Each structure stands twice: as C-alpha cells, then as structure tokens.
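Following: one structure in structure tokens, then a few remarks.
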Amino acid sequence: MKIGILTSGGDCPGLNAVIRGAVLKGVISHDAEFVGFRWGWKGVVEGDFMPIERHDVRGLSKQGGTILGSSRTNPFEGEGGGPENIQRMLDENGIDAIIAIGGEGTLTAARRLTDAGLKIVGVPKTIDNDLAATDYSFGFDTAVEIATEAIDRLRTTAESHGRCLVVEVMGRHVGWIALHSGMAGGAHAILIPEQPKTIEQICEWVESVRDRGRAPLVVVAEGFHLEDMEGAHSHKGLDAFNRPRLGGIAERLAPMIEERTGIESRDTVLGHIQRGGAPSAYDRVLATRLGMHAVDAVYENAWGSMVTLRGTDIKTVSIAEAVGSLNRVPQARYDEAKILFG
Ligand code: F6P
C-alpha cells in the first residue's frame, strides 16, 4: 500500500515524531510505501508530494516543526480541490490512503472528504489541547514546559523590582496551557477563556500578593476576556487576512492593574516560542504511538477514523465524533488551581 501523509494547520512539536512512527511501523510491519504532501492540503490539491523512505525519518522524533511544511489551505478550494479532483490525483499516483495530521479545521475537511469516499485516517494535533476526543494532544506538554520555564524566569525579575508580571500564553478557546503552566509555575492568578473575571477580582488577587510582600504573577490565556469587557473576545479586530487578531490581552491588563493597584506592571507575550523547538519526551512517545496506530487503522480500512489517547491507551474514534466538541477546562480543575491564587 502507498500512504500519503500530510501535516496541516498551526505546527507544534511532535509532528515529525508522528511521521517517523507511521513510516517505521508501516515499513517494518506492513511493507508499506510512503509519500509526504508538502504544505498540508495544499500539496494534496496541487499534487505536490515527495517520497519518504525509512532513512528519511532517522532521528526525526526530536526535531521540532514538520519536515513536510504546513498551511491552512482548504482542500475544497482551488483548481485541484474537491473530492473528485483529489481522488483522481491519488489514483494517477497510485496513492491508496491519506493520514491527515491536524486540528479542528483539518479534521473537518478530512471528514467531508471521507464522506465523499476518500480513504483517510486522522491524527489529532492541537497545541491548545482543545479537542475533546483525546485526553491529551502531543505538543501540549512541550508548550507547558516552555511556558513554565518562562514563568520561573519572569518571577525573578518581577521580585527584583517588586512588579506585577502578566504573562500571556496560547489558548484560543480553552485555558489548558495557562492552567498547567500557571499551576506548575506558582502563578498568583490564572485567567482562562472558560472563566471570565472582573478587573476588580483580578486586582484583589494581585493586591493580596503584594500585601504579603511578594511580586504578583498573573498567567493569562490569549482567549481570556474580562466579564465586563465589551464583546465576547479579547481579540483586537481583524487582521489583513480577515482573521481575528488574537492576543493582546496581557498588554491590556497590565496597565489596568497598574492604574487600579498602583503596582508597577509589565506584560510578556510568549507567542510562537511555545510551538517551537524539540518536543518533550512525553510528546515524542505520544506522537510516535499515534503515528504507529494511524498506520494500523489504515490497514484495518478504518476510513474516517481518528487515533486518540484515552487514559494510557491509543484508541480510534470516528472523526465525525471528534470534531465540533471542545475540551474545556472543567470547573473542578479551575477551582483546584484557584485555591493557590492571591
Ligand atoms: O491553534 C493553535 C494556536 O497556536 C493558537 O493558540 C494561536 O492562537 C494560533 O494557533 C496562532 O496561529 P498562527 O500560527 O496562524 O498565528
């Protein structure tokens, strides 16, 4: 069997480990052949792919990013787009099936293509850990490590100056990176999209830290919004590509805190550094296992399925079941963390 692999959407550490796991399992257990589509669905639509041999994946599990490149191209758009064109391209090149590694957008497209008869297996990828069908997604653990190290470093400079530091981490719809890095780094307040708060509440936490002689450290997810802030989101309008301009919440909160509490405040946005570099050991193992199981799903003709982590086991679920359901931080997990605030 010849299998095409693609990585689509925002990158995250562990993508290369999935590719390596899939190729090694496919070659060793099934005598499969592999090609990699360049730049996500763009490579599928344009018939742009390269062979991936066993020697191409040597040492790949520790390498950040994706050797295939990624984009947010929609496979239903463009000249070669749509199920008929894609199937024709696959037939012409003898490609039997696709393993699509991506998040909500990629998987939604994969589901529509599978409904039209294409042979696709999905692998979930979300640095924000926001897909409900998997307990954890690779890349998340690495992002939490990076954010935690940053919080540790910001604490020492905050303490040196008696300042309040507001650290913005990724998390468009859910606050898992903020919750975990905030707990690990001993943040005095963790602000997440699932839990809007008033500026008064935030300042109360900040002041109680100052009153104990400490420098307050606030971790905020990019999708957080104040209870009393206009509009549901923290984004600042649309960017040049008509996408919501995310982030900027730390930049807005720091001066508000300074003005209300009189504590000198600074903001730091961690941004894409959370998605860069080598994956953690945990993410390498998870990604490798997902890649291996995706190949097994191909050989079981489990089209339209997605591999997923449930507890410590890798299972399969239907992509239809996986998309459209967010993995939000439950109230109980937030309440646990809140005991440590202030
Ligand atoms: O969805 C993952 C994510 O990293 C979000 O946390 C962030 O808002 C977004 O992607 C950034 O996207 P881009 O890389 O396109 O700027």
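Please treat every number below as a calculation from the coordinates, not as lab data. Computed from a predicted structure; not experimentally measured. All Cβ positions, glycine included, derive from the backbone under ideal geometry; neighbour counts span all protein chains shown.
For the stretch 162-170, putting each phi into the Karplus relation 6.51 cos²θ - 1.76 cosθ + 1.60 with θ = phi - 60° gives couplings of x, 9, 9, 10, 10, 10, 9, 10, 6 Hz, in residue order, rounded to whole numbers and with x for Gly and Pro.
The protection proxy used here, the mean number of other Cβ atoms lying within 10 Å of each residue, ranks peptides 134-144, 331-341, 75-85, 59-69 as follows, highest first: 134-144, 59-69, 75-85, 331-341. Close amide H contacts of Phe76 (hydrogens built in the peptide plane, cut-off under 5 Å, sequence separation of 5 or more or a different chain): Gly82. Ranked by the mean number of other Cβ atoms within 10 Å per residue, highest first, peptides 215-222, 148-155 order as 215-222, 148-155. Every Cα-Cα pair in the stretch 140-275 was counted, and those over 19 Å apart are 44% of them. Taken over the chain, lysine pairs spaced eight or more positions apart, or on distinct chains, with alpha carbons under 27 Å apart number 21. A straight line joining the Cα centroids of the stretch 1-59 and the stretch 247-267 runs 45 Å.
Determine the calculated [θ] at 222 nm for the chain from helices alone, applying -39500 (n - 2.57) to every DSSP H run no shorter than 4 residues and normalising by the residue count; nearest 500 deg cm²/dmol.
It comes out at -12000 deg cm²/dmol, rounded to the nearest 500.
Both the radius of gyration and Dmax for the chain are 21.6, 71 Å, in that order, over alpha-carbon atoms.
Legend: calculated FRET efficiency, Tyr334 to Arg153, from the Cβ-Cβ distance at R0 = 30 Å, rounded to 0.05, equals 0.75. Taking amide H positions as modeled 1.01 Å from N, with prolines and chain starts lacking one, the residues under 5 Å from Gly171 and 5 or more places away or on another chain are Glu222, Gly223. Per-residue Karplus couplings for the stretch 190-197, computed as 6.51 cos²θ - 1.76 cosθ + 1.60 with θ equal to phi - 60°, are listed in order as 10, 10, 10, x, 6, 10, x, 10 Hz, Gly and Pro entered as x. Evaluating 6.51 cos²θ - 1.76 cosθ + 1.60 at θ = phi - 60° for every residue in the stretch 219-226, the Karplus couplings come out as 9, 10, 6, 4, x, 5, 9, 5 Hz, glycine and proline recorded as x. Taking label positions 7 Å along the Cα-Cβ direction at both Glu321 and Glu204, the computed distance is 4.2 nm, reported to one decimal. The packing ranking of peptides 160-166, 12-18, 195-201, 88-94, highest mean first, is 12-18, 160-166, 195-201, 88-94, where packing means the average number of other beta carbon atoms within 10 angstrom of each residue.
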